[in-house]
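For reference, the structure is listed below as structure tokens.
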Amino acid sequence: GSLAVSVRALLAVGATRRVGIVAFSEAQQTEIEDALDRMAATDDTFSAALTREMEREEDGQYSGLFVKNLENVQGDERDIILMSVCYAPGPDGRMAMNFGPINQRGGEKRLNVIFSRAKLHMAIVSTIAPEAITNVHNDGARALRNFLSFAEAQSAGAQDNAQAVLATLNPD
């Protein structure tokens, strides 16, 4: 929903910036693709802009909008990266701390791959607050929690808080 609205807004301004979307799982990737398709089906202007972006090439190389998941985003840079973090508590009210590849050994490096795909700007659409991530003994989950904390502070204009979070990410 809100991610598709963000994409529509980005494409409406003339799409001089190249956009990529990174989801945390294949299921999230598919849901985003479906949301974009649903929006395009009801909005001719967006449909034309989306088609233009999906076919965009520069110097013979594909440079258009992509929707990828953590597993297949390596190597693709875009001016703007939208990161989708969509998790929720289960029927029992508890949230599983399963963040896919982020939970695996070196998961924090996968996050770095996402961050480094953005040349100019990165935005996050998240269904969870940083404090919802409680398995901070896991390096990847802790890095995700810290990054969400940083993004939240940065978004609120709390520069001191954002810098304090950054200092904890890499004390050296």
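Mind checking the per residue accessible area of the chain for me, 1.4 Å probe, whole number of Å²? Walk me through the numbers on the way to the answer.
Working: 9530 Å² over 172 residues.
Result: 55 Å² of accessible area for each residue.
Taking 0.36 nm per intervening residue step and subtracting the Cα-Cα distance, what contour gain separates ALA156 from MET97 on full extension?
Details: separation 59, 0.36 × 59 = 21.24 nm, distance 2.60 nm.
Full extension from ALA156 to MET97 adds 18.6 nm.
Give me the percent of DSSP beta bridges within the stretch 8-90 that run antiparallel, rounded to the nearest 5.
On the way: 2 of 11 bridges.
That works out to approximately 20 percent antiparallel.
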Interchain or long-range residues, amide H under 5 Å from ARG18's placed H: ASP79, ILE80
Angle between the chain longest axis and helix 159-169 axis [Cα atoms, degrees, rounded to 10]: 70
Degrees between helix 2-12 axis and first principal axis of the chain (Cα, 0 to 90, nearest 10): 40
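Quantify, in whole percent, the carbon and sulfur part of the accessible surface of the stretch 1-60 (1.4 Å probe; protein heavy atoms only). Each step should come with its number before you reach the end.
On the way: 1630 of 3370 Å².
That fraction is 48 percent.
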Mean projection area, nm², convex hull over Cα of the stretch 117-172: 4.6
Angle in degrees between helix 139-155 and the longest Cα principal axis of the chain, rounded to the nearest 10: 70
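Using only the heavy atoms of the protein chains and a 1.4 Å probe, how would ILE102, ILE124 rank by accessible area, largest first?
ILE124, ILE102
Which value, in nm² and rounded to one decimal, describes the direction-averaged projected area of the C-alpha convex hull of the stretch 1-96? List each step's numbers first, then the result.
Working: hull surface 28.0 nm².
Approximately 7.0 nm², given one-decimal rounding.
The values are calculated or read from the model by the stated rules, or taken from the named source; none is laboratory data. What you see is a predicted model, and the numbers here were worked out from it, not measured in a lab. Accessible surface is based on the protein model in full, side chains and every heavy atom, while ligands, DNA and RNA are left aside. Shrake-Rupley method; radii C 1.70, N 1.55, O 1.52, S 1.80 Å.
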